[in-house]
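K.L.:
Starting off with a structure, shown below.
The values are calculated or read from the model by the stated rules, or taken from the named source; none is laboratory data. Predicted, not measured: the structure shown is a model, and the values here were computed from it. Quick reminder, even Gly has a Cβ in these numbers, built from the backbone with ideal geometry, and neighbours come from all protein chains shown.
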Amino acid sequence: MREGDLLLCYMTGISRFFAILEVTGEPFQDDTPIWEEVLFPSRVPVRIVLELPPENAVPVKSLSESLSYFQDMKSPHSWTGHFRGSPTREKPEDAQVIIRALEEAVDTPIFREYDPAKLDRKVPVYETNTDSVTVPDDSYISLVEQNGLSTAETAQVSHEEIQWLLLDLGSQLGLDVWVARNDKGKVFRGQNFSDMPNMREALPTQFDDATNRTIELIDVLWLKENAIIAAFEIEHTTSIYSGLLRMSDLVSMQPNIKIPLYIVAPDERRQKVITEVNRPTFARLRPPLTEICQFIPYTSLIAKLEQARDFLPYMRPEFLEEISETLEVE
């Protein structure tokens with residue numbers, strides 16, 4: 001960043017542009033705390049050009065006909081990838097569209113309701129030890145690179161491949177992992193699932209037998225001691241309905257359960273997943289499945305693995321919030 005650059009500020013959670021900042025000097029390092037949650041020492045001096053409260057901020061979707069990343073989308077949610085990195089350099093034509101919209105919003109404010117809970121949701125932060133970074137072994141890196149998974153050619157990715165990646169990822173995060181009971185004998189590229197480091201031989205016993213029978217058939221679980229950190233159902237080519245039924249059975253038997261639930265599927269199946277999870281069978285659950293179950297497209301998962309592969313052991317499971325998408329119909 002250089003003096004004179006403009007920073008276009010975006011609110012995650014409610015997906016709105018709300019401010020323009022101008023860089024007024026050179027970037028610098030400063031360890032003086034600003035926020036309670038975490039220290040951000042890499043800083044740049046700025047002045048506020050304009051700002052809007054959340055209720056008057058500009059929804060990104062209101063600009064969809066004018067912004068390049070909404071054009072030729074492969075799916076209705078492809079645009080979200082543009083906001084998964086920060087800072088992201090905007091194309092000049094896109095920047096002008098956003099600046100004009102913000103200026104108009106200051107001159108002619110429009111009130112738009114928003115969900116405060118979505119705005120308050122914390123964005124995951126990853127900390128690394130810059131003095132010592134552990135690099136994953138060659139087999140992990142070659143798995144990603146040899147298959148060209150970053151090219152979004154998800155048709156070439158198998159169910160077992162994604163299952164293995166999720167197991168390996170959980171293990172590298174320092175968590176225990178569990179693979180569906182009927183998949184323990186599976187092999188991927190000569191590696192037995194049962195030989196995965198940190199593979200659990202048994203599940204925690206805090207649930208009743210009926211709940212455990214459902215949980216033990218979920219494709220992949222991440223665990224820490226007796227707590228289930230995340231549950232993943234991979235819907236590659238099979239009926240999406242069967243995986244959702246396992247999730248809904250779990251919610252029905254344990255309505256107060258706090259396990260983050262994820263449907264992982266090829267990008268092109270996104271709309272199918274959204275349609276199925278919003279069926280009355282799942283929407284009438286308390287809580288509705290859409291409120292506790294998120295969608296992770298293959299390309300987002302693979303892209304994150306490539307981006308973070310040098311510091312996976314230092315990451316927290318909360319990074320899943322960054323790559324997952326809501327399943328609610330907008």
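K.L.:
Just to be sure, is residue 188 of a type in the set (Phe, Trp, Tyr) and more than 23 Å from residue 245 (Cβ to Cβ)?
P.N.:
On the way: of a type in the set (Phe, Trp, Tyr): yes; more than 23 Å from residue 245 (Cβ to Cβ): yes.
Judged against the criteria, residue 188 is a match.
K.L.:
Looking at the structure I just gave you, is residue 283 among the small types (Gly, Ala, Ser), within 21 Å of residue 176 (Cβ to Cβ) and either at pLDDT 80 or above or surrounded by fewer than 20 Cβ atoms within 10 Å (Cβ to Cβ) (or both)?
P.N.:
Working: among the small types (Gly, Ala, Ser): yes; within 21 Å of residue 176 (Cβ to Cβ): no; either at pLDDT 80 or above or surrounded by fewer than 20 Cβ atoms within 10 Å (Cβ to Cβ) (or both): yes.
Criteria not met by residue 283.
K.L.:
Identify, please: which residue in the range 37-68 is charged (D, E, K, R) and not in a helix (DSSP H, G or I) and is, among those, farthest from residue 97 (Cα to Cα)?
P.N.:
37
K.L.:
Still on this structure: Which of the residues that make up the range 1-18 are over 30 Å from residue 291 (Cβ atoms) and touching a helix residue (DSSP H, G or I) at 6+ places or on another chain (Cβ under 8 Å)?
P.N.:
The answer is 6, 8.
K.L.:
Filter the range 31-45 down to the residues that are farther than 20 Å from residue 5 by Cα, surrounded by fewer than 12 Cβ atoms within 10 Å (Cβ to Cβ) and either polar (S, T, N, Q) or free of Cβ contacts under 8 Å to residues at least 12 places away in the same chain (or both) and list them by number.
P.N.:
31, 32, 33, 34, 35, 36
K.L.:
Any residue at all in the range 250-264 that's in contact (Cβ under 8 Å) with a residue 24 or more places away in the chain, closer than 21 Å to residue 158 by Cα and in a helix (DSSP H, G or I)?
P.N.:
No, the range 250-264 contains no residue that is in contact (Cβ under 8 Å) with a residue 24 or more places away in the chain, closer than 21 Å to residue 158 by Cα and in a helix (DSSP H, G or I).
K.L.:
Further, regarding this structure: Name the single residue, out of those in the range 265-280 being of a type outside the set (D, E, K, R) and buried (at least 19 other Cβ atoms within 10 Å of the Cβ), that is farthest from residue 157 (Cα to Cα).
P.N.:
My answer is 277.
K.L.:
Right, something else. Which condition number does residue 213 fail, the rest of (1) surrounded by 17 or more Cβ atoms within 10 Å (Cβ to Cβ); (2) closer than 21 Å to residue 186 by Cα; (3) modelled with pLDDT of 75 or more being met?
P.N.:
So the condition that residue 213 fails would be (1).
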